[in-house]
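Input: a single structure, listed below in structure tokens.
Laboratory data are not the source of any read-out in this text; all were calculated from the coordinates shown. Keep in mind the model is a prediction, meaning the values are calculated, not measured. Please note: Cβ atoms are built from the backbone with ideal geometry, for glycine as well, and neighbour counts cover all protein chains shown.
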Amino acid sequence: MTTHNKPTAENRQQKTENQQRKTTNQQPIITFGEILLRLTPPSFKRIAQTTSFDAHFGGAEANVAAALGAWNQASRLVSKVPANSLGEGAVRFFQSCGINTCSIKRGGERLGIYYYEQGAGLRPSVVEYDRKHSAINDLKEHEFDWYEILLGAAWFHWTGITAALSPSVLSELRTALKAAQNHGVKVSCDLNYRSKLWSKEEARETMTDLMQYVNVLVSNEHDTQICLGVEVEVEVEQSPSTEEYYRSLAKTLKDRFKFDAVALSVRESEIVQIPDVIHRRALLLDSRDCSNGYFSHKHTYRPIEDIGGGDAFTAGLIYGLLHEESSQDALEFAVAAAALKQTVPGDVSMASIEEIRALAVNGKGAKVVR
């Protein structure tokens, strides 16, 4: 005779939560932005002296989608690439990252390129863009069916880089944001100000207007001042990089623009004391577990490169808010994801969920995994 244990209330709740996570995994995260070819001189060489380049595909929104795809979260990249071998190579690369590429259009003149000269010691890293007349800037009006793309989506993510590309891309972005609002899809934005793409005045006028569609803001102190004109003063006898300052800044942003949540990067460098070491930390303010403004643990490390950490943070935050038990856990996951991204070359995160959670919980990784 076979007996069956009657499921407890705790078991039923766990089963329901697992089913909800599975369903969320299947609801796609939609990102919209340009795919770029990145060319980097090897061995810290300068662009002017190198005779070869290491090549990687990337792009802010594409990097977010790729990280999510690697974590088995359905993600879909909306973009446009030229109908040539470079465009096909970019599509195949992001397919290998687990991204749904069915919304990547073919057409236009060329794939955008950026050159990344990696800094060392006192020499800063430098980015040179070669993206004029790139494929995404050749968008035709209503080229994407945003009603179909966003139907059943869990999230839509974009950055200020996309808004800065061209009038046609900005128009398409507005259409997407209105469709997301009509579908009830949660929207996140990383301000990502790029001085080589537009002026401070252009950025502030455009980004301030687009905040009406945003639920979750991801940024830092510098970009919020430029793009949104938000600065705060706190009456404390300490430097402005205190927790009180960042809490005040996050609250001002949340109240002024009616965001559901604000995540601010609090990354510091100690060039004098320990060369090339950074301290990565972040604040999340929401109406859940971080209602008083929660600061993550600080991760101190020497990054291999500067590119992609912010995109990994955003991907981690989106994933965490959808899957982790609390928004505090979500922030810890995001910061750990960002730190691990900077341990590998290229634009895209290669860290697994297990590696990220281990760092988030333990605060450090093992010396050697045997």
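Some observations on this one:
- Of HIS157, LEU321, GLN95, farthest towards positive along the dipole that unit charges on Lys, Arg, Asp, Glu beta carbons give the chain: GLN95
- Inter-probe distance in nm under a simple model that places probes 7 Å from Cα toward Cβ, at GLN49 and ARG256: 4.4
- The chain: DSSP helices with Cα axial extent of at least 18 Å and average Kyte-Doolittle hydropathy no lower than 0.5: 309-323, 327-341
- Ranked ILE113, ILE318, criterion: other C-beta atoms within 10 Å, fewest first: ILE113, ILE318
- Per-residue [θ]222 nm for the chain (sum of -39500 (n - 2.57) over DSSP H runs n ≥ 4, rounded to 500): -12000 deg cm²/dmol
- Taking the alpha carbon gyration tensor of the range 27-361, multiplying each eigenvalue by 5 and rooting it gives semi-axes of 28, 25, 20 Å, largest first.
- The chain: antiparallel DSSP beta bridges as a percent of all, rounded to 5: 45
- Sequence-distant residues sharing a close amide H with ALA282 (under 5 Å, placed H): VAL266, SER296
- Cβ-Cβ FRET estimate between GLU231 and SER125, R0 fixed at 35 Å, reported to 0.05: 0.85
- For the pair the range 142-188 / the range 332-358, the C-alpha centres are spaced 27 Å from each other.
- Cα-based shape type of the range 80-231, given that a ≥ b ≥ c are square roots of the gyration tensor eigenvalues and the cut on a/c is 1.5: oblate
- Each label was represented as a point 7 Å from its Cα along the Cα-to-Cβ direction; for HIS142 and SER291 these points are 4.5 nm apart.
- Once the C-beta distance of SER195 and ARG92 is scaled by a Förster radius of 30 Å, the resulting FRET efficiency is 0.40 to the nearest 0.05.
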